[in-house]
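The values are calculated or read from the model by the stated rules, or taken from the named source; none is laboratory data. Model, not experiment: these values are computed from the prediction. Neighbour counts are summed over all protein chains in view; Cβ atoms, including those assigned to glycine, are modelled from backbone coordinates with ideal geometry.
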Amino acid sequence: DAGVIQSPRHEVTEMGQEVTLRCKPISGHNSLFWYRQTMMRGLELLIYFNNNVPIDDSGMPEDRFSAKMPNASFSTLKIQPSEPRDSAVYFCASSLFREQFFGPGTRLTVL
Amino acid sequence: GEDVEQSLFLSVREGDSSVINCTYTDSSSTYLYWYKQEPGAGLQLLTYIFSNMDMKQDQRLTVLLNKKDKHLSLRIADTQTGDSAIYFCAENNYGQNFVFGPGTRLSVLP
């Protein structure tokens, strides 16, 4: 298996632009997680899905953030409009019961 | 809610053993995990232990669980420079969310 796939790996955008991050979980996994990592705040859970249904989105910072999982093999995290404070590494992870595997992350820079 | 705590930094000399500690609050935790993050990379699952076990050994890694004190530790024997990374402790209540600690940055000195 190729593991969790994220795209793009790097994204540089200007304040106010829309940003879409993409994730393909490991085939057969039934849970998908979006995390954000910064030096100041560490690793934060934004949202997680179980069987494509959002279970807990309490970590989504503002209405500017939205996440979707239209099917078992694809999820997106969208930021609209983006702000400089959104600059971070965004990780997607997937799991089946007890093992959770992370993707390589998307490094987002908002100028 | 659930909380996982770790010390933030640890320095050891190459060849020594490293012990990274973690405490958690959720007594219903089913699995406890250790992840490793190298610079510029994602989190890599190192090992995990089921809550009814006291110890698990995997080559240079030894995990100890004290369920009564809600304390988890990761011992790395013969620590090498390649072990320098951030180590995250995490807990999971079977089928629910994973809760991560803040990570311990391990520095291995030559």
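Scoring A:N50 on the criteria (1) of a type in the set (S, T, N, Q); (2) free of Cβ contacts under 8 Å to residues at least 40 places away in the same chain; (3) more than 10 Å from chain B (Cβ to nearest Cβ) leaves a single failure, condition (3). Checking each residue in segment A:6-21 for being out of contact with any helix residue (DSSP H, G or I) (no Cβ under 7 Å at 6 or more places or on another chain), over 13 Å from A:K78 (Cα atoms) and not in a strand (DSSP E or B) picks out A:R9, A:E14. For the subset of segment B:36-49 comprising residues that are touching a strand residue (DSSP E or B) at 6+ places or on another chain (Cβ under 7 Å) and at the interface with chain A (Cβ under 8 Å from one of its Cβ atoms), which member is farthest from A:Y35 (Cα to Cα)? Here the answer is B:Y48.
Residues that are out of contact with any helix residue (DSSP H, G or I) (no Cβ under 7 Å at 6 or more places or on another chain), among the charged types (D, E, K, R) and more than 19 Å from B:S7 (Cα to Cα): does segment B:35-49 have at least one? Looking through segment B:35-49, none of the residues is out of contact with any helix residue (DSSP H, G or I) (no Cβ under 7 Å at 6 or more places or on another chain), among the charged types (D, E, K, R) and more than 19 Å from B:S7 (Cα to Cα). Restricting segment B:76-94 to residues that are under 16 Å from B:I49 (Cα atoms) and touching a strand residue (DSSP E or B) at 6+ places or on another chain (Cβ under 8 Å) leaves a set whose member that is farthest from the other protein chains (Cβ to nearest Cβ) is B:I76. Across segment A:70-82, a minimum of one residue is classified as surrounded by 20 or more Cβ atoms within 10 Å (Cβ to Cβ) and outside any strand (DSSP E or B). When segment A:64-111 is limited to residues that are away from chain B (no Cβ under 14 Å) and among the acidic types (D, E), the one that is nearest to the chain's Cα centre (by Cα) turns out to be A:D86. Within segment A:12-22, is even one residue in contact (Cβ under 8 Å) with a residue 24 or more places away in the chain and within 14 Å of chain B (Cβ to nearest Cβ)? Within segment A:12-22, one or more residues are in contact (Cβ under 8 Å) with a residue 24 or more places away in the chain and within 14 Å of chain B (Cβ to nearest Cβ).
When A:Q6 is tested against (1) of a type outside the set (S, T, Y); (2) in contact with a Gly (Cβ under 7 Å, 6 or more places away or on another chain); (3) away from every other protein chain (no Cβ under 14 Å), only condition (3) is not met.
Taking the stated definitions as given, is B:F88 aromatic (F, W, Y), within 11 Å of the chain's Cα centre (by Cα) and either modelled with pLDDT under 95 or farther than 22 Å from A:P104 by Cα (or both)? When the stated conditions are applied, B:F88 does not pass them.
Against the condition closer than 30 Å to A:T106 by Cα and touching a residue at least 60 places away in the same chain (Cβ under 8 Å), how does B:S7 come out, does it pass? The answer is yes for B:S7. Would you mind stating whether B:F100 is at the interface with chain A (Cβ under 9 Å from one of its Cβ atoms), modelled with pLDDT of 95 or more, closer than 24 Å to A:G59 by Cα and under 13 Å from the mean Cα position of the chain (by Cα)? Here the answer is no, as B:F100 does not meet what is asked.
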